[in-house]
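Enquirer: Here it is, the structure, as structure tokens.
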2 protein chains.
Amino acid sequence: MSSAEQFPGIAPPTIGVFDSGFGGLTVLRALLRRLPQAQFAFLGDTARLPYGSKSRRTIARYAVESVQFLIREQGAQFVVIACNTASALALDAIQAASPVPVLGVIEPGASAAQAASRTGDVLVIATDATVKSHAYAAACQARGLRALEKACPLLVPLVEEGWTDHPVTAEVIRIYLAELIADATAHGLHADTLVLGCTHYPLLRPLIERAVPTGMKVIDSADAAADAAVHLLAAHAPSISQPVRPDQPPLRFFATDSVDKFERLGSRFLDRSVGKVELVDLGG
Amino acid sequence: MSSAEQFPGIAPPTIGVFDSGFGGLTVLRALLRRLPQAQFAFLGDTARLPYGSKSRRTIARYAVESVQFLIREQGAQFVVIACNTASALALDAIQAASPVPVLGVIEPGASAAQAASRTGDVLVIATDATVKSHAYAAACQARGLRALEKACPLLVPLVEEGWTDHPVTAEVIRIYLAELIADATAHGLHADTLVLGCTHYPLLRPLIERAVPTGMKVIDSADAAADAAVHLLAAHAPSISQPVRPDQPPLRFFATDSVDKFERLGSRFLDRSVGKVELVDLGG
């Protein structure tokens with residue numbers, strides 16, 4: 001289904017994608033596959049990462065400022081919060097402050113797990129901050145699933161080191177999954193589904209697929225969020241009337257700091273060259 | 001040599017120790033061994049870490065604010081910057097703004113390497129930010145040494161995961177050192193000394209000692225900084241006249257965020273219980 005079919009009679013929308021860093025480029029990659037004709041503006045709030053160590057109030061303020069930049073200055077008509085921490089701790093605040101629809105990554109991930117699981121028991125791996133928020137467990141519970149979450153703090157640094165197909169990373173994944181599965185068994189769970197609850201983890205999917213027990217399904221929350229975005233966009237299409245701006249490139253990248261690192265590492269996450277990243281100042 | 005001998009006729013000083021996080025507790029640990037009678041106030045600017053991804057100007061502002069807290073509110077008469085990034089990028093600015101002597105960790109590390117090396121060729125492992133600053137290379141060069149630096153970004157997360165005596169960590173160290181030594185050989189260096197240029201690395205010293213080639217000396221910049229502090233304090237002792245405050249505990253810990261994580265992980269770095277960490281607000 002092309003975006004011309006999804007948005008009959010109107011131009012494809014401008015979609016804002018926001019992350020605290022650049023891991024959210026995996027969500028943009030999934031969106032690009034589904035909506036190749038849309039215009040995208042991606043903002044990484046790299047000056048203020050990591051959000052994980054900050055309070056809910058601070059995260060909400062940063063995320064609202066970032067989303068307002070995407071809407072007001074980049075004309076985004078739809079926003080995807082491609083950041084698990086901001087989705088977990090600030091989605092309500094962002095939606096309350098936004099005049100356009102805003103989608104997070106956690107609810108779509110939980111819905112995809114619900115669709116995939118037969119036993120109703122799911123496992124979630126994520127960063128320490130996402131696990132501490134228990135946002136995935138709550139979203140799973142709201143769908144009648146039992147979920148056990150585990151923080152895997154070494155996986156993001158391993159991805160950022162570029163060791164996405166490395167024996168050390170395979171061993172770290174084996175250790176984390178063995179601990180999680182033993183813990184699930186001790187809790188009486190019969191888990192058949194594993195949710196990747198961090199935007200960095202899609203780059204480890206091949207290693208993770210090889211490490212899970214036979215028959216366990218792996219849900220990528222980046223893919224799930226992109227699927228949900230396509231559905232929501234189709235529902236909101238009639239209200240999206242601003243024409244595509246042919247003077248603008250279809251993909252624009254913004255960061256609040258560390259533009260070099262973004263340009264250097266971003267292509268691994270996006271699976272294509274990021275090109276030029278524009279520096280923006282959202283204040284302290 | 002006890003602090004009574006070091007400070008004849010006067011009370012031992014109050015020493016402020018500053019880090020962007022809590023890795024600098026390894027420097028405090030080294031100081032406590034040498035100055036058991038001094039009073040210490042440690043501040044971790046955990047709300048604003050990591051400094052490594054921020055600009056020199058921002059790091060200088062944060063570090064100056066932190067050091068002023070230690071001097072004005074905690075009565076520090078001597079300050080140790082137990083943070084490689086702040087030492088590399090902001091020591092001049094801190095010293096310019098401070099009415100008391102301030103010591104960083106990089107110059108002492110380079111001096112200890114000079115004393116240890118026979119070939120004059122040294123290796124330095126550190127975080128990405130410290131390596132990018134080339135502060136160790138410059139400090140080594142100023143002492144007539146040739147230095148090759150390597151960023152080892154997985155080592156801090158491995159320490160924070162608690163895998164300080166783990167086969168995965170041993171393998172990561174083996175890989176990093178093999179790459180560094182091959183690079184040094186290609187550059188014609190005959191390195192006989194390895195500087196641990198990150199406050200987290202002393203916790204990996206046993207694994208690193210086992211991984212280096214026979215005869216290579218390992219210099220811990222935390223130990224080197226503590227040695228330098230003792231010498232500098234002795235030289236400044238006549239000007240340090242404020243008596244020890246018996247109403248205050250000898251060790252006080254402050255953090256700008258994440259007090260729980262500090263209390264939980266800090267004891268590993270300090271090698272004794274951290275106890276209560278007080279939250280302070282230094283502004284955004």
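The values are calculated or read from the model by the stated rules, or taken from the named source; none is laboratory data. Quantities reported herein were computed from a predicted structural model and do not represent experimental measurements. Cβ placement follows ideal geometry from the backbone for every residue including glycine, while neighbour counts extend to all protein chains displayed. Each accessible area value is taken on the protein alone, full model and side chains, heavy atoms only, with ligands, DNA and RNA left out. Shrake-Rupley method; radii C 1.70, N 1.55, O 1.52, S 1.80 Å.
Enquirer: Mind listing the long-range amide H neighbours of B:SER20? Cut-off is under 5 Å, sequence gap 5 or more, other chains count too, H placed in the peptide plane at 1.01 Å from N.
Expert: Amide H neighbours of B:SER20: B:ASP45.
Enquirer: Find every distance from the label point of B:GLY283 to the corresponding label point in the other copies (7 Å from Cα along Cα→Cβ) and write them in nm, one decimal, shortest first.
Expert: 1.5
Enquirer: Shifting gears a bit: Explain nothing, just compute: Karplus ³J(HN,Hα) = 6.51 cos²θ - 1.76 cosθ + 1.60, θ = phi - 60°, for every residue of the stretch B:81-98 in order, whole Hz, x for Gly and Pro.
Expert: 7, 8, 8, 5, 5, 5, 5, 6, 10, 9, 4, 4, 5, 5, 4, 5, 8, 9
Enquirer: Among A:LEU35, A:LEU282, A:PRO50, flag the residue with its Cα farthest along the positive direction of the charge dipole of chain A, charges on Cβ as +1 for Lys/Arg and -1 for Asp/Glu.
Expert: A:LEU35
Enquirer: Another one. How do the peptides A:170-176, B:65-71 rank, highest first, by the average count of neighbouring beta carbon atoms within 10 Å per residue? Write out the running numbers ahead of the final one.
Expert: Details: A:170-176: 18.7, B:65-71: 21.4.
In descending order of packing, they fall as B:65-71, A:170-176.
Enquirer: Over chain A, give the accessible area per residue in Å² for a 1.4 Å probe, as an integer.
Expert: Values: 11300 Å² over 284 residues.
About 40 Å² of surface per residue is accessible.
Enquirer: I need the peptides B:86-96, A:258-268, B:72-82 ranked by packing, meaning the mean over residues of other C-beta atoms within 10 angstrom, with the highest value on top.
Expert: Values: B:86-96: 21.4, A:258-268: 18.2, B:72-82: 23.2.
Put in order of decreasing packing, that is B:72-82, B:86-96, A:258-268.
Enquirer: Additional query: Taking the mean number of other Cβ atoms within 10 Å as a proxy for protection, how do you rank B:177-183, B:125-131, B:13-19 from highest to lowest?
Expert: Details: B:177-183: 15.0, B:125-131: 24.0, B:13-19: 27.7.
Top to bottom by mean Cβ count within 10 Å: B:13-19, B:125-131, B:177-183.
Enquirer: In addition: Taking 8 Å as the Cα distance limit and 6 or more residues as the minimum spacing, I'd like the relative contact order of the stretch A:44-99 as a percentage. Let's see the in-between values first.
Expert: Values: 31 pairs, mean separation 25.1, N = 56.
RCO, the stretch A:44-99: 45 percent.
Enquirer: Please average, across the residues of B:154-163, the number of beta carbons from any other chain that are within 10 Å of each residue's own beta carbon, and give a whole number. Can you show the working numbers first?
Expert: Values: counts 9, 1, 1, 8, 4, 0, 4, 7, 0, 3.
Across B:154-163, the average partner-chain Cβ count within 10 Å equals 4.
Enquirer: Provide the FRET efficiency to the nearest 0.05 for the B:ASP227-A:GLU73 pair, computing r from the beta carbons and using R0 = 51 Å.
Expert: Details: r = 53 Å, r/R0 = 1.04.
Efficiency computed from Cβ-Cβ geometry: 0.45.
Enquirer: I've got another one for you. List the residues, sorted by chain then number, that are 5 or more residues from A:PHE40 or on another chain and whose placed amide H is less than 5 Å from its amide H.
Expert: A:ILE15, A:LEU251, A:ARG252
Enquirer: For B:GLU149, enumerate residues with amide H under 5 Å from its amide H, sequence gap 5+ or separate chain, H modeled in the peptide plane.
Expert: Here B:VAL124 satisfy the definition.
Enquirer: May I pose another question? Enumerate the calculated ³J(HN,Hα) couplings along the stretch B:229-236 in order (Karplus 6.51 cos²θ - 1.76 cosθ + 1.60, θ = phi - 60°), each rounded to whole Hz, writing x wherever the residue is Gly or Pro.
Expert: Ordered by residue, 3J(HN,Hα) equals 4, 4, 5, 5, 4, 4, 5, 8 Hz.
Enquirer: Working with all protein chains in place, sort B:HIS166, B:HIS231 by solvent-accessible area computed with a 1.4 Å probe, largest first. Walk me through the numbers on the way to the answer.
Expert: On the way: B:HIS166 40, B:HIS231 140 Å².
The residues order as B:HIS231, B:HIS166, largest area first.
Enquirer: While we're looking at this one, here's another question. What does the accessible area of A:TRP163 come to, in Å² to the nearest 10, when a probe of 1.4 Å is used?
Expert: Taking all protein chains as shown, A:TRP163 has close to 30 Å².
Enquirer: Right, another one. Relative to the present Cα-Cα distance, how much length would full extension add between A:ARG56 and A:ASP281 at 0.36 nm per residue of separation? It would help to have the intermediate numbers written out before the result.
Expert: Details: separation 225, 0.36 × 225 = 81.00 nm, distance 2.15 nm.
Here the segment from A:ARG56 to A:ASP281 would lengthen by 78.8 nm.
Enquirer: Suppose you put the label 7 Å out from Cα in the Cβ direction; list, shortest first and in nm with one decimal, how far A:GLY215 is from each other copy's label.
Expert: Its label point is 6.0 nm from the equivalent points in the other copies.
Enquirer: Can I ask one more? For chain A, give the percent of accessible area contributed by carbon and sulfur heavy atoms, probe 1.4 Å, rounded to a whole number.
Expert: Numbers: 5910 of 11300 Å².
After summing per-atom areas, the C and S share lands at 52 percent.
Enquirer: Taking a threshold of 23 Å on the Cα-Cα distance, which of the pairs A:LYS54/B:LYS261; A:LYS261/B:LYS217; A:LYS261/B:LYS54 fall above it?
Expert: Values: A:LYS54/B:LYS261 12 Å; A:LYS261/B:LYS217 33 Å; A:LYS261/B:LYS54 12 Å.
In this structure, A:LYS261/B:LYS217 lie more than 23 Å apart at Cα.
Enquirer: Additional query: Full extension from A:LEU251 to A:ARG210: what is 0.36 nm times the residue separation minus their Cα-Cα distance, to one decimal in nm?
Expert: Details: separation 41, 0.36 × 41 = 14.76 nm, distance 3.35 nm.
Value of the extension gain: 11.4 nm.
Enquirer: Okay, moving on. Within 10 Å of each Cβ in B:257-268, how many Cβ atoms from other chains are there, averaged over the peptide? List each step's numbers first, then the result.
Expert: Values: counts 4, 4, 0, 1, 2, 0, 0, 0, 0, 0, 0, 0.
Mean shielding by partner chains, rounded to a whole number: 1.
Enquirer: Using Cα centres only, tell me the gap between the stretch A:130-169 and the stretch A:90-114 in whole Å.
Expert: Comparing the Cα centres of the stretch A:130-169 and the stretch A:90-114, I get a distance of 18 Å.
Enquirer: How large is ³J(HN,Hα) for each residue in the stretch B:259-275, as worked out from phi by the Karplus curve 6.51 cos²θ - 1.76 cosθ + 1.60 (θ = phi - 60°), to whole Hz, x for Gly and Pro?
Expert: Calculated HN-Hα couplings, in order: 4, 4, 5, 4, 5, 6, 8, x, 4, 4, 7, 8, 6, 7, 5, 7, x Hz.
Enquirer: While we're looking at this one, here's another question. Which distances, in nm and shortest first, link the A:ARG56 label point to the same label point in every other copy, taking 7 Å along Cα→Cβ?
Expert: 4.2
Enquirer: Same structure, new question: Using a 10 Å cut-off around each Cβ of peptide A:23-29, what is the average number of partner chain Cβ atoms that fall inside?
Expert: That works out to 0 on average.
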